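The values are calculated or read from the model by the stated rules, or taken from the named source; none is laboratory data. Since this is a predicted model, take the numbers as computed values, not measurements. When we count neighbours, we look across all protein chains shown, and the Cβ atoms used for this are built from the backbone with ideal geometry, even at glycine.
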């Protein structure tokens with residue numbers, strides 16, 4: 001969101017690292033402060049409004065796997081904690 005824009009996120013939004021395998025979700029926001037991460041997320045079509053399904057949450061390996069329009073995407077729980085999602089309806 002743009003500072004001062006008055007944007008209010010979805011009240012149901014939570015961090016992706018709290019999701020479970022099988023959850024169908026919509027990306028609410030992604031981090032913008034890390035250019036390389038932003039390019040990776042956008043390149044894999046993980047952008048606000050995108051529908052995703054959590055394929056796996058592997059706590060012992062520290063990774064989350066998503067199915068999305070760009071295919072299968074894997075990243076760390078640290079990254080997942082920076083991505084905000086809402087339940088798909």
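Name the single residue that is farthest from residue 14 (Cα to Cα) among those in segment 41-61 being free of Cβ contacts under 8 Å to residues at least 24 places away in the same chain and surrounded by 12 or more Cβ atoms within 10 Å (Cβ to Cβ). So that I can check it myself, show each step before the final result.
Just the residues of segment 41-61 that are free of Cβ contacts under 8 Å to residues at least 24 places away in the same chain, to begin with: 42, 47-49, 58-61.
Cutting the leftovers down to surrounded by 12 or more Cβ atoms within 10 Å (Cβ to Cβ) gives us 42, 47-48, 58, 61.
On the way: 42: 20, 47: 15, 48: 13, 58: 19, 61: 22 Å.
So, considering only residues that are free of Cβ contacts under 8 Å to residues at least 24 places away in the same chain and surrounded by 12 or more Cβ atoms within 10 Å (Cβ to Cβ), the one farthest from residue 14 (Cα to Cα) is 61.
Looking for whichever is in contact with a helix residue (DSSP H, G or I) (Cβ under 7 Å, 6 or more places away or on another chain) and in a strand (DSSP E or B) here; the options are 73, 64. Which one fits? Before the answer, list the steps.
Working: 73 fails: in contact with a helix residue (DSSP H, G or I) (Cβ under 7 Å, 6 or more places away or on another chain).
When all the criteria are applied, what remains is 64.
If we scan segment 27-34, do we find a residue that is in contact with a helix residue (DSSP H, G or I) (Cβ under 7 Å, 6 or more places away or on another chain) and surrounded by 15 or more Cβ atoms within 10 Å (Cβ to Cβ)?
Yes, segment 27-34 contains at least one residue that is in contact with a helix residue (DSSP H, G or I) (Cβ under 7 Å, 6 or more places away or on another chain) and surrounded by 15 or more Cβ atoms within 10 Å (Cβ to Cβ).
Kindly indicate whether any position in segment 18-37 is farther than 9 Å from residue 86 by Cα, modelled with pLDDT under 80 and assigned to a loop (DSSP other than H, G, I, E, B).
No; the residues of segment 18-37 include none that is farther than 9 Å from residue 86 by Cα, modelled with pLDDT under 80 and assigned to a loop (DSSP other than H, G, I, E, B).
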